[in-house]
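Undergrad: I have a structure here, written as structure tokens, and I will follow up with some questions on it.
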Amino acid sequence: AQLPVKCSGCGIKLQTENKEIPGFIPEVAYDRDPVICQRCFRIKNYNEASSVSVNQDEFLRLLSGIGEKNALVIHIVDLFDFEGSLISGLQRFVGNNPVILAVNKVDLLPKVTNLNKMRNWVQQRCKEHGMKTEEIILCSAKRNQGFDRLLESVTELRGQRDVYVVGATNVGKSTLINRLISDYSDLDQELTTSQYPGTTLDTVKIPLDDGHYIIDTPGIVYPWRYSELVERQDLDAVMPAQTLKPAVYQLNEGQSLFFGGLGRFDFVQGERQSFTCFISGTLKIHRTKLERADALYQEHRGELLSPPGTDRMDKLPQWQRHEFRINRGSNTDIYVSGLGWIKLNSTEGAVIAIHVPKGVKVLTRPSLI
Ligand code: GDP
């Protein structure tokens with residue numbers, strides 16, 4: 001059959017190549033009537049949102065209209081990759097519309113953590129990024145934690161408005177949308193494809209029972225996250241599935257840690273002290289002498305030091321070294337986007353270096369926990 005140009009659900013240009021980007025339609029669905037993309041199909045038939053993604057430029061184009069609308073925005077970020085998944089330019093686009101910040105995946109942090117303290121920490125980071133939030137909600141889509149509060153807050157703030165849900169890829173946006181659908185919308189009875197107004201916005205509009213919509217935007221791809229850089233089969237190694245088990249290392253100056261074959265941490269200078277690694281438990285940590293580290297990497301990359309295995313090693317950009325001088329007196333994390341963070345437990349200060357593929361976002365921040 002001849003493939004129509006546009007999805008009669010969301011209006012996106014149809015394509016058959018890549019199911020992770022908007023407009024995908026499988027061959028078997030060409031002669032459905034009406035012809036709709038896989039994403040609209042799943043919402044219509046299974047009440048289920050699916051993940052698609054776009055690059056930053058396309059996302060900004062999508063977002064640029066929100067400011068003129070009267071809308072509530074739910075901005076969802078991943079607590080494990082906070083700085084890497086935060087849409088820091090969001091404030092410029094949303095105008096005066098209220099924003100709820102949903103900080104997802106709290107289940108990944110060890111139980112001991114104090115939620116109020118964590119909320120303050122998030123608030124502090126938002127302030128630094130010039131972001132105003134009506135409310136910060138710590139939640140876990142996986143454990144169904146914090147969702148009642150989120151739904152209450154949506155109900156309070158929504159009034160007569162549409163709800164835009166925005167987030168980077170893999171933050172749990174689909175899981176959240178599915179929850180909103182089941183709580184707010186009466187899809188079984190109400191939905192026909194004609195209720196998706198044809199737009200060219202690449203967004204899927206899910207009708208609510210009061211005539212307004214939940215608007216699912218594609219996940220934004222940020223190139224500085226490990227989770228975007230590694231091959232699919234190595235994704236599990238960087239994205240933890242279970243509560244982190246922090247690994248504590250007592251190090252002397254001149255010692256290094258390898259995180260599989262994905263990155264390296266050097267304790268360059270300072271008194272003997274302990275460092276806590278918050279990374280996925282499936283990634284093996286190898287301790288070695290700093291002076292031996294380069295040679296070890298050359299000899300064992302892809303084998304002892306893996307993932308990635310030898311076949312995928314060269315698909316990652318070359319490592320780049322970032323050095324930080326941590327001053328005495330502060331509690332600091334060295335954060336690596338999508339890989340985790342290393343907490344300096346001593347406040348005595350240190351010089352440390354981190355080696356990661358070029359382009360990965362690395363920064364220091366006040367300790368999360
Ligand atoms: P989307 O790409 O933002 O739509 O995210 P998904 O809902 O598809 O979730 C992406 C990945 O994160 C999946 O592997 C989920 O299992 C996982 N995930 C989603 N929510 C949570 C959560 O609350 N905790 C944990 N640990 N993982 C989650």
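Undergrad: For region 182-206, which residues satisfy the criterion of being modelled with pLDDT of 55 or more and under 26 Å from ASN55 (Cα atoms)?
TA: ASP202, THR203, VAL204, LYS205, ILE206
Undergrad: Which residue is modelled with the highest pLDDT, if the candidates are limited to region 50-100 and must be of a type in the set (A, V, I, L, M, F, W, C) and out of contact with any helix residue (DSSP H, G or I) (no Cβ under 9 Å at 6 or more places or on another chain)?
TA: PHE59
One line per residue, one yes/no per condition, for (1) outside any strand (DSSP E or B); (2) modelled with pLDDT under 95:
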residue: ARG325; (1), (2): no, no
residue: ARG328; (1), (2): yes, yes
residue: GLY338; (1), (2): yes, no
residue: TRP341; (1), (2): no, no
residue: SER346; (1), (2): yes, yes
residue: VAL351; (1), (2): no, no
residue: HIS355; (1), (2): no, no
residue: THR364; (1), (2): no, no
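Undergrad: LEU60 versus (1) buried (at least 20 other Cβ atoms within 10 Å of the Cβ); (2) outside any loop (DSSP other than H, G, I, E, B): which is the lone unmet condition?
TA: For LEU60, the exception is condition (1).
Undergrad: Look at SER51 and say whether it is surrounded by fewer than 20 Cβ atoms within 10 Å (Cβ to Cβ) and within 16 Å of the ligand (Cβ to nearest atom).
TA: Spelling it out, SER51 is indeed surrounded by fewer than 20 Cβ atoms within 10 Å (Cβ to Cβ) and within 16 Å of the ligand (Cβ to nearest atom).
Undergrad: To continue, here is another question. Within the group GLU83, GLU128, which residue is more than 14 Å from the ligand (Cβ to nearest atom), charged (D, E, K, R) and under 17 Å from the mean Cα position of the chain (by Cα)?
TA: Within the list GLU83, GLU128, the selection yields GLU83.
Undergrad: Something else now. Only one of these conditions is not met by VAL103: (1) in contact with an Asp or Glu (Cβ under 9 Å, 6 or more places away or on another chain); (2) modelled with pLDDT under 95; (3) within 16 Å of the ligand (Cβ to nearest atom). Which number is it?
TA: Only one criterion is unmet by VAL103, namely (2).
Undergrad: Take the residues in region 147-174 that are under 18 Å from PHE82 (Cβ atoms) and within 9 Å of the ligand (Cβ to nearest atom), then tell me which one is surrounded by the most Cβ atoms within 10 Å (Cβ to Cβ).
TA: VAL171
The values are calculated or read from the model by the stated rules, or taken from the named source; none is laboratory data. Here the structure is a predicted model, which is why all the values come from computation and not from measurement. With ideal geometry, Cβ positions are generated from the backbone for all residues, glycine too; neighbour counts draw on all protein chains shown.
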